[in-house]
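Since every read-out is calculated from the coordinates, none of them should be taken as a lab result. What you are looking at is a predicted structure, and each value in this text was computed from that prediction instead of being measured. A quick note on method: Cβ atoms are made from the backbone with ideal geometry, for glycine too, and the neighbour counts reach across all protein chains shown.
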Amino acid sequence: MSHALDNPVWESLISRHAALARRAGNAARYPSDTAPFVAVGIADSAAAEELASLVEVGESVLFVGMTPPLGTGWSVEPEVLIAQMTCDARLSVNDGPPIVELLPDRVDDMLALTALVYPFYFRPRTVTMGRYFGIYDGDTLAAMAGERMRFDGHQEISAVCTHPDYTGRGHAQRLVAALTNDILDSGRVPFLHVAHQNVRAKALYERLGYTMRAEIPLVAVTRLGEGEG
């Protein structure tokens with residue numbers, strides 16, 4: 001029997017993020033100004049047809065987990081396996097500058113930072129998915145991390161990024177540890193996703209105490225127009 005973490009986008013969109021979801025039968029997605037993720041609850045051709053009604057021609061979106069069979073109306077990139085990691089114990093939070101909650105009035109700062117080191121994933125309304133926290137140096141957002149997908153008993157940590165001028169200062173470690181502890185204290189399991197080739201980030205999470213739960217398929221697809229493909 002599959003676990004909810006095996007299809008996290010779907011589980012999030014049908015539960016804690018249902019208010020954000022655009023849905024057609026067994027297909028669902030986040031609005032394009034919120035996140036690039038789509039999902040299906042059943043991997044069949046009917047769900048693929050329902051998904052087509054939610055995605056604009058020329059738009060590129062991402063599956064994390066289950067992917068339905070997609071026909072000639074789609075361009076499908078090769079599947080990439082990413083690490084899904086979880087943590088079950090509180091972490092030590094290193095000393096450092098104050099951590100502040102990044103409210104919607106800070107979205108321009110978040111977009112500027114993510115444009116440097118986390119492009120495509122963070123959108124103008126990504127902040128509506130959960131809480132985000134950061135560390136500032138004066139007026140510069142030096143590092144940030146926050147909450148993205150969520151469903152009963154589980155909370156994803158995402159958008160962990162550091163401004164290139166502030167790497168090596170432990171800011172990301174401090175943010176992830178503090179957020180992990182807060183999630184655990186609320187009775188939820190923190191999880192995150194990281195590409196295997198992002199060796200530095202994966203090593204950081206392992207040092208903190210995160211362990212590999214599974215490899216999850218990430219598939220990028222683009223809906224094609226009539227006559228394409």
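Please compute the modelled spin-label separation between Arg200 and Ala46, points set 7 Å along Cα→Cβ, answer in nm with one decimal.
Taking the simple label geometry, Ala46 and Arg200 are separated by 4.8 nm.
Report the FRET efficiency, 1/(1 + (r/R0)^6), for Asp33 and Val93, where r is their Cβ-Cβ distance and R0 is 30 Å, rounded to 0.05. Could the numbers behind the result be given before it?
Details: r = 33 Å, r/R0 = 1.09.
It comes out at approximately 0.35.
For region 33-167, what does the relative contact order come out to in percent, with C-alpha contacts under 8 Å and a separation of six or more? Numbers along the way, then the final one.
Details: 171 pairs, mean separation 29.7, N = 135.
Normalised by residue count, the contact order of region 33-167 is 22 percent.
Give me, ordered by chain and number, the residues 5 or more places off Ala214 or on other chains with an amide H under 5 Å from its own placed amide H.
For Ala214, whose amide H was placed from the backbone, the distant partners under 5 Å are Gln84.
Sorted by packing (mean other beta-carbon atoms within 10 Å per residue), highest first, where do 150-159, 104-113, 57-66 land?
150-159, 57-66, 104-113
Using alpha-carbon pairs under 8 Å, 6+ residues apart, how would you state the relative contact order of the chain in percent?
On the way: 471 pairs, mean separation 65.3, N = 229.
Result for the chain is 29 percent.
Determine the shape class of region 84-215: with a ≥ b ≥ c the square roots of the Cα gyration tensor eigenvalues, call it rounded for a/c under 1.5, and otherwise prolate if a/b is greater than b/c, oblate otherwise. Intermediate values should be presented prior to the final figure.
Values: a/c = 1.40, a/b = 1.29, b/c = 1.09.
Rounded, since a/c falls under 1.5.
Quick one: order Tyr205, Tyr118 by neighbouring beta-carbon count within 10 Å, fewest to most.
Values: Tyr205 24, Tyr118 16.
Final ranking by Cβ density, sparse to dense: Tyr118, Tyr205.
Return the sequence-ordered ³J(HN,Hα) values of region 149-162 in whole Hz as given by the Karplus equation 6.51 cos²θ - 1.76 cosθ + 1.60 applied to θ = phi - 60°, using x for Gly and Pro.
4, 8, 8, 3, x, 9, 9, 7, 9, 8, 6, 7, 8, 10
If R0 is 30 Å, what FRET efficiency do you get for Asp139 and Thr222 from their C-beta distance, rounded to 0.05?
Working: r = 38 Å, r/R0 = 1.25.
Working from the Cβ atoms, E equals 0.20.
Taking amide H positions as placed 1.01 Å from N in the peptide plane, with prolines and chain starts having none, which residues 5 or more places from Ala143, or on another chain, fall under 5 Å of its amide H?
Ile135, His163
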